[in-house]
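Data block below; observations after.
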Amino acid sequence: MNKSSSLVVWFLRGYYFFYFAMVGVYIVFLPKILIDLSYSPSQVGIIYAAAPMMRFLLPFVFQHIFVLNYRIFAISLFVTLIAVVMFWFSIHDFWNYLAINILFGAAMGVSLPYVETIALGVLDKTKYGKVRLWGSVGFMLIVIWLGRMLDSAEQGIAYLFATAILTLLFGILVGRHDKKQVYVAEDASLFSLISHAPLWISILLLQISFGGFYSFFTIYETAHGTTLEMSSWLWGFGVICEIAMLYFQGPLLKRNLLNIIKFATLVTVFRWLLLYFFPESLTIAFFSQSLHAISFALYHTAMISYIYSLYPQKRLAQQFYLGIGFGLGGSLGAYLAGLFYGHNLFLFEALVALLAFLVLLIPHNKEHNRAIKT
């Protein structure tokens, strides 16, 4: 690896670290801050559905109107920072704050797919995880730190502002490297979701199945006798297992990526069933959290690598992956989890994940069924 490539790897580590630290502040602590400011749960739900929905809608805009290049990427970083500044002035008014969250979600939805494409272009897929794990570290450290230190809305936004500045700094450094590269023009109008429809449907369904976990896992565990402190340890343990998988997963990614995706999807079914059948077992809860290494970390890396191999429109493909999965899937998952919350929540999630696996078995494209070994 030459000096230029070594530098961009360090810039990628910094970007992932601070981007996901920013995400940690935004999704873990700001909802509580809003409740403390007398927002209703329904208002918080609307606000936190807005940003993922923007992530879903943006790829369609980029398919027909814009091109995701360095200029657009740099603008998105500055817009993210501006939106965070505007949080200070809008957080006490629901409609103003909702509008700024839509802006924030749109900017965040542009930034990450651009960097993911650079990372997959610079790094061998077996080494991607060792760089991406810095995002998990950033997320975990900020959550642990603010869990002890946070005591006001202003302080929370200050941390969001600091992480946004550092994300911008490292993002610009990553982007400047990319700006120097020469790329073959990609015709976004030729991008097709239909050509690999079962894959995209499976992505959507699996992320819907995570809705109950992300939105209600802590509530579910505490309702079955787990203390709040122990619930936080369960979250932390899951992230530690995720980091370990990202570090050691390299040899696995030399195998057929589609088979890995199928395996990780089945493991997710098993994970949700464990929570359904043994809701009061702390040991089982920790074991199910250890499976986050497979159902999230291994799945995510295999999936973005697989999609990168399938489509020539690589940046747009990453936008659609994040938009359909974590955007639309995240929004629908949270909404449906609220409807199904109760004893059968994780049975519902397991059935949705099982459907995600079965859809992957549908043959639809020779390229989709090919073992990717690059």
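List of remarks:
- Ratio Rg/Rh, restricted to region 1-125 and using Cα atoms, in which Rh is the Kirkwood radius: 1.03
- Loop-exposed GluC sites (Glu not before Pro) per DSSP, neighbour cap 14 Cβ within 10 angstrom, longest uninterrupted part of the chain: 1-279
- Each of M230, M149, M22 has some number of other Cβ atoms within 10 Å of its Cβ, and from fewest to most they run M149, M230, M22.
- Structure-derived Cα extents along the principal axes in Å - corresponding label in [x] 70, 48, 36; [y] 55, 47, 36; [z] 80, 48, 36: [y]
- Phi-based couplings in Hz for region 159-176 (Karplus 6.51, -1.76, 1.60; Gly and Pro marked x): 5, 4, 5, 5, 5, 5, 4, 5, 5, 4, 4, 6, x, 4, 5, 5, x, 5
- For region 1-93, applying the loop criterion from DSSP together with a ceiling of 15 other beta carbons within 10 Å to the chymotrypsin sites (Phe, Trp or Tyr not before Pro) yields F66.
- Counting only Cβ charges, +1 for Lys and Arg and -1 for Asp and Glu, the dipole size of the chain around its Cα centre is about 1420 debye.
- Along principal axes, Cα extents of region 138-271, largest first, whole Å: 52, 40, 31
- Taking W235, W134 and counting other C-beta atoms within 10 Å, the order from fewest to most: W235, W134
- Rounded to the nearest whole Hz, the Karplus-based 3J(HN,Hα) values (6.51 cos²θ - 1.76 cosθ + 1.60, θ = phi - 60°) of region 78-89 follow the sequence 5, 5, 4, 5, 4, 4, 4, 4, 6, 4, 4, 9, with x at glycine and proline.
- In the calculated pair-distance distribution of region 190-360, the portion above 22 angstrom amounts to 42 percent of the Cα-Cα pairs.
- Working from the Cα coordinates of region 234-309, the gyration tensor eigenvalues give, after taking √(5λ), semi-axes of 24, 14, 8 Å in decreasing order.
- Ordered by the number of other Cβ atoms lying within 10 Å of each residue's own Cβ, fewest first, K130, K32, K125 fall into the sequence K32, K130, K125.
FYI, it's all coordinate maths here, none of it is from the lab. Since the structure is predicted, the reported quantities are computational estimates derived from the model, not experimental observations. Backbone-built Cβ (ideal geometry, glycine too); neighbour counts: all protein chains shown.
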